[in-house]
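No lab work stands behind these numbers, since they all come straight from the coordinates. All figures in this text were calculated on a predicted structure; none of them were measured in a lab. Neighbour counts run over all protein chains shown; Cβ positions are idealised from the backbone, glycine included.
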Amino acid sequence: MEPLKLIETTPGKYSLLLNAGSTAVDGLVEELGHEPNGYFWEGVAQLVVRDDAPDLAGRLAYDPEAGMFCAYGTDRAALADLGARMSALANDPIRMRELVERAAENGFEFDD
């Protein structure tokens with residue numbers, strides 16, 4: 001799940017974390033006109049849930065900051081699923097380019 005981490009913050013509560021600026025696709029994200037910060041990655045997560053994993057909708061929440069993406073909740077399996085999907089994007093420039101281009105075509109705006 002690199003570069004994301006899934007941690008248990010308190011018993012039964014989990015956070016999925018990504019240090020912004022630490023992925024293999026940061027340069028590409030900037031080339032595509034975005035800042036690879038926590039808010040950008042929240043947009044990525046929203047798109048993943050909306051387009052690829054609608055069963056995750058409502059099972060987690062987001063709390064990003066400029067330097068970090070964070071999704072959290074009590075459903076560890078949902079967070080692990082999202083983490084695996086986001087990890088694939090964070091490590092694959094081709095898939096990331098496709099996601100950003102699809103977002104633009106559909107009028108999705110990243111809050112970065």
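If a residue has to be assigned to a helix (DSSP H, G or I) and either under 13 Å from Gly43 (Cα atoms) or touching a residue at least 40 places away in the same chain (Cβ under 8 Å) (or both) to count, how many in the range 83-100 make the cut?
11
Restricting attention to the range 53-74, which residues are free of Cβ contacts under 8 Å to residues at least 60 places away in the same chain, loosely packed, with under 15 Cβ neighbours inside 10 Å and either among the acidic types (Asp, Glu) or part of a loop (DSSP other than H, G, I, E, B) (or both)?
Asp55, Ala57, Gly58, Asp63, Glu65, Ala66, Gly67
Taking the conditions exactly as written (surrounded by 15 or more Cβ atoms within 10 Å (Cβ to Cβ), among the basic types (Lys, Arg) and within 17 Å of Pro3 (Cα to Cα)), does Arg85 satisfy them or not?
Judged against the criteria, Arg85 is a match.
Just to check your reading of the model, which residue among Leu47, Leu28 is under 25 Å from Ala77 (Cα atoms) and surrounded by 13 or more Cβ atoms within 10 Å (Cβ to Cβ)?
Only one candidate passes the filter, namely Leu47.
Given the criteria in a loop (DSSP other than H, G, I, E, B) and touching a strand residue (DSSP E or B) at 6+ places or on another chain (Cβ under 8 Å), does Pro36 qualify?
no
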